[in-house]
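The values are calculated or read from the model by the stated rules, or taken from the named source; none is laboratory data. What you see is a predicted model; the values in this text were computed from it and never measured. Here Cβ is always computed from backbone atoms with ideal geometry, including for glycine, and neighbour counts include all displayed protein chains.
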């Protein structure tokens with residue numbers, strides 16, 4: 001269910017909504033809960049100059065400067081997850097036992113360059 | 001399975017896509033933990049240690065509840081005032097090789113609480129043995145084929161009794177020799193008829209084993225945050 005909204009006027013690097021529905025992937029008969037969750041993803045530009053809210057590394061700042069001087073030779077920095085949070089999934093295993101499993105880094109909360 | 005699906009399952013630490021045959025109700029303890037984590041504020045979620053089960057204060061990121069697959073054993077030892085004798089068996093073979101068992105808790109459930117000691121004042125005795133010998137269905141285990149793990153008496157029935165069996169469960173895993181447990185509940189005294197004395201034990205429901213494990217692959221692998 002990716003939301004393919006056109007890049008908003010602010011096409012800077014930030015989280016975009018992405019809802020993962022377990023029934024869409026045909027897992028509804030063994031996953032008890034949740035039925036899906038908001039995973040999100042990162043998309044957007046990391047332009048020169050990088051502003052503070054773009055959570056950039058020093059290297060990314062350096063790379064935007066080089067990109068501004070030589071756009072063909074050096075690409076912009078990437079827009080990637082910088083803060084993620086976990087989810088827990090309740091499911092049945094192959095022996096009909098109920099399992100509660102914790103998964104790290106499943107939700108994108110913040111993006112950065 | 002499509003390639004994408006098998007890769008996704010693999011990333012979730014699952015080697016195959018489960019296909020439950022007769023799903024059981026979700027154990028309340030798991031549902032409570034799941035709901036508590038789900039309602040945590042996002043900021044707390046990111047800070048919580050996903051490789052530790054706060055509710056039991058042990059390392060772990062996987063919690064399973066195993067239903068008992070044992071059977072009742074008929075009275076074969078006269079004079080022991082037995083109300084209940086049951087073989088308990090929990091099939092831990094589903095645990096994956098890379099999982100380290102950190103806790104196992106046995107729960108014995110009764111259908112009701114009794115809020116006052118029984119009028120006759122009789123006391124029940126509960127004994128739990130680790131079985132070290134296979135036995136045929138229904139035939140009483142030999143005395144030398146078992147090791148006493150728990151022995152306690154109680155006068156009031158509680159809805160559930162909890163016992164820490166982490167040591168025994170770790171031994172089952174290490175030795176790959178899980179021959180189950182034997183549960184006995186008897187009355188400690190009383191010369192009137194056994195059936196009447198044991199009446200309140202009829203509220204025995206079932207037993208289950210809650211096991212917490214730590215997946216070395218998933219807990220080691222979580223990437224360093226920026």
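Of all residues assigned to segment B:79-88, at least one qualifies as being without any contact (Cβ under 8 Å) to a residue 40 or more places away in the chain, closer than 29 Å to residue B:123 by Cα and not in a strand (DSSP E or B). Of all the criteria given as (1) within 10 Å of chain A (Cβ to nearest Cβ); (2) under 17 Å from residue A:100 (Cβ atoms); (3) surrounded by fewer than 20 Cβ atoms within 10 Å (Cβ to Cβ); (4) touching a residue at least 40 places away in the same chain (Cβ under 8 Å), the one not satisfied by residue B:107 is (1). Restricting segment B:41-57 to residues that are within 22 Å of residue B:213 (Cβ to Cβ) and over 25 Å from the mean Cα position of the chain (by Cα) leaves a set whose member that is farthest from the other protein chains (Cβ to nearest Cβ) is B:48.
Taking segment A:71-96 as the range and being away from chain B (no Cβ under 14 Å), under 21 Å from the mean Cα position of the chain (by Cα) and loosely packed, with under 14 Cβ neighbours inside 10 Å as the test, only A:75 passes.
Selection within segment B:15-38: residues that are over 24 Å from the mean Cα position of the chain (by Cα) and more than 11 Å from residue A:88 (Cα to Cα). The member of this set that is surrounded by the most Cβ atoms within 10 Å (Cβ to Cβ) is B:17. Out of B:196, B:224, one residue alone is modelled with pLDDT under 85 and either crowded, with 21+ Cβ neighbours inside 10 Å or not in a helix (DSSP H, G or I) (or both). It is B:224. As a summary of the residue check, residue A:56 satisfies the conditions (1) under 30 Å from residue B:213 (Cβ atoms); (2) more than 8 Å from chain B (Cβ to nearest Cβ); (3) under 19 Å from the mean Cα position of the chain (by Cα) except for the one numbered (1).
Scanning for something surrounded by 15 or more Cβ atoms within 10 Å (Cβ to Cβ), more than 14 Å from every other protein chain (Cβ to nearest Cβ) and at pLDDT below 90, does segment B:112-120 turn up at least one residue? The answer is yes; a qualifying residue exists. For residue B:8, the test of being within 15 Å of residue A:99 (Cα to Cα), at the interface with another protein chain (Cβ under 9 Å from one of its Cβ atoms) and modelled with pLDDT under 85 is failed. Every condition in (1) out of contact with any helix residue (DSSP H, G or I) (no Cβ under 8 Å at 6 or more places or on another chain); (2) surrounded by fewer than 18 Cβ atoms within 10 Å (Cβ to Cβ); (3) facing chain B (nearest Cβ under 7 Å); (4) farther than 30 Å from residue B:91 by Cβ is met by residue A:68 except one, and the failing one is (3).
Per-residue answers, yes or no, for (1) part of a loop (DSSP other than H, G, I, E, B); (2) more than 19 Å from residue B:218 (Cα to Cα); (3) modelled with pLDDT of 90 or more:
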position: B:26; (1), (2), (3): yes, yes, yes
position: B:36; (1), (2), (3): no, yes, yes
position: B:49; (1), (2), (3): yes, no, no
position: B:100; (1), (2), (3): no, no, yes
position: B:104; (1), (2), (3): no, yes, yes
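Scan segment B:60-70 and give yes if some residue there is exposed (fewer than 14 other Cβ atoms within 10 Å of the Cβ), at pLDDT 80 or above and either more than 8 Å from chain A (Cβ to nearest Cβ) or over 21 Å from residue B:201 (Cβ atoms) (or both), otherwise no. For segment B:60-70, residues exposed (fewer than 14 other Cβ atoms within 10 Å of the Cβ), at pLDDT 80 or above and either more than 8 Å from chain A (Cβ to nearest Cβ) or over 21 Å from residue B:201 (Cβ atoms) (or both): present.
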